[in-house]
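Read the structure below first, then the notes.
Every number in this text was worked out from the coordinates using simple rules, so none of it is lab data. Here the structure is a predicted model, which means the values were calculated and not measured. Glycine gets a Cβ as well: all are built from the backbone with ideal geometry, and neighbour counts include every protein chain shown.
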Amino acid sequence: MKFIIEKDYDKMSRSAADIFAEHIEQNPSCVLGLATGSTPEGLYACLVKDCSDGKISFSDVTTFNLDEYCDLPVENEQSYRYFMNFNLFDHVDIAKNRTNLPCGINADDETCKNYEQAIEDEGGIDIQLLGIGHNGHIGFNEPSDSFSVITNLVDLKDSTIEANSRFFDDISDVPKRAITMGIGTIMKARKVVVVANGQGKAEIVKKAFFGPVVPEVPASVLQLHPDVTVVLDDEAASLIPKD
Ligand code: F6R
């Protein structure tokens, strides 16, 4: 596991974006795994800039997002499809039909299997971006007593509903269910990049990457992945061992 620690959010975003930009430059038809949430917004802004500066092109890139809320129409500003269009897809030269998010409308086991198959049909994910929840979730894989294997439907924990309520008018508007790549899906990505910033993430960063590998802290499983880069700002890195 490699750690890159930057002074602040902007530098963290640029540094993580550089990993993706380099990857796209070297492999223009790569398959990216993408995340939503506040942490990657700066990274996406950097990639939009790189694309408009002509440094990278998304014209042959395929993407798969980690997750989507259940039963929230894609036109809803809080849907993850809306987020991705708003923060990245609408501003780069990507073919929209190569941007994939799990479908949360009337999702069932078949929907989950189909998403898994679609990833495999594209040859798997080359590089997966992850944020980390305060409870250690990755995607919407919540603390549990086992690691999920494939794309699955989940009931969100109260702590996640609470954390995500900042984006909604009222906490009662936050969907209670979501569809997410499984831990097994994420672990199959050839490379993983985790981003985290702010003091509020310091405790979970320490627990996930320096504590025991347990399904109660889903992100801890990444310690077993052969190619993970964790990009942090000083605050998120403040509790990790220094040597
Ligand atoms: C979003 C996702 C979530 C977030 C996590 C951190 O697609 O998969 O696991 O990465 O909740 O969210 P932020 O970045 O808002 O702190």
### Task
Subtract the Cα-Cα distance of GLN117 and ASN85 from 0.36 nm times their separation in residues, and report this length gain in nm to one decimal.
9.2 nm
### Task
State, to one decimal in nm, how far the label point of GLN26 lies from the label point of ILE171, with both points 7 Å from Cα in the Cβ direction.
4.5 nm
### Task
Run the quick spin-label model on GLN78 and ILE105: label points 7 Å from Cα toward the beta carbon, then report their separation in nm to one decimal.
1.8 nm
### Message
Taking 21 Å as the cut-off for C-alpha to C-alpha distance, list the pairs among LYS49/LYS188; LYS2/LYS191; LYS157/LYS201; LYS206/LYS242; LYS176/LYS207 that go past it.
### Response
LYS49/LYS188; LYS176/LYS207
### Message
For a Förster distance of 22 Å, can you work out the FRET efficiency between the beta-carbons of ASP53 and PHE3, rounded to the nearest 0.05?
### Response
0.20
### Listed residues GLY211, GLY184, VAL231: farthest to the positive end of the dipole of the stretch 169-243 (Cβ charges)
GLY184
### Message
From Cα pairs below 8 angstrom and at least 6 apart in sequence, can you work out the relative contact order of the chain, rounded to a whole percent?
### Response
25 percent
### Message
For the chain, what does the helix formula give at 222 nm: sum of -39500 (n - 2.57) over DSSP H segments with n ≥ 4, over the residue count, nearest 500 deg cm²/dmol?
### Response
-9000 deg cm²/dmol
#### Entry: Within the stretch 159-243, chymotrypsin sites (Phe, Trp or Tyr not before Pro) in DSSP loop having at most 16 other beta-carbon neighbours inside 10 Å
PHE168
### Query
Going by how many other Cβ atoms sit within 10 Å of their own, how do VAL74, VAL230, VAL217 line up, fewest first?
VAL74, VAL217, VAL230
### Qualifying GluC sites (Glu not before Pro) for the stretch 39-138 [loop in DSSP, other Cβ within 10 Å: at most 13]
GLU75, GLU77
### Task
Round to a whole angstrom and tell me the spacing of the C-alpha centers of the stretch 16-73 and the stretch 92-147.
14 Å
### Message
Nearest 5 percent is fine: what portion of the DSSP beta bridges confined to the stretch 142-243 is antiparallel?
### Response
45 percent
### Query
Using a simple spin-label model with points 7 Å from Cα along the Cα→Cβ vector, what separation in nm is obtained for ASP71 and ASP10?
4.4 nm
### Mean Cα-pair separation over length for the stretch 119-243, i.e. relative contact order, pairs under 8 Å, 6 or more apart, %
32 percent
### Summary
Going residue by residue through the stretch 95-102, the Karplus relation 6.51 cos²θ - 1.76 cosθ + 1.60 with θ = phi - 60° gives ³J(HN,Hα) values, rounded to whole Hz and with x marking Gly or Pro, of 7, 4, 6, 9, 9, 10, 10, x
### Message
Order these by the 10 Å Cβ neighbour count, fewest first: HIS23, HIS134.
### Response
HIS134, HIS23
### Query
With a 10 Å Cβ neighbour count serving as the proxy for reagent exposure, in which order, fewest first, do MET181, MET12, MET1 appear?
MET1, MET12, MET181
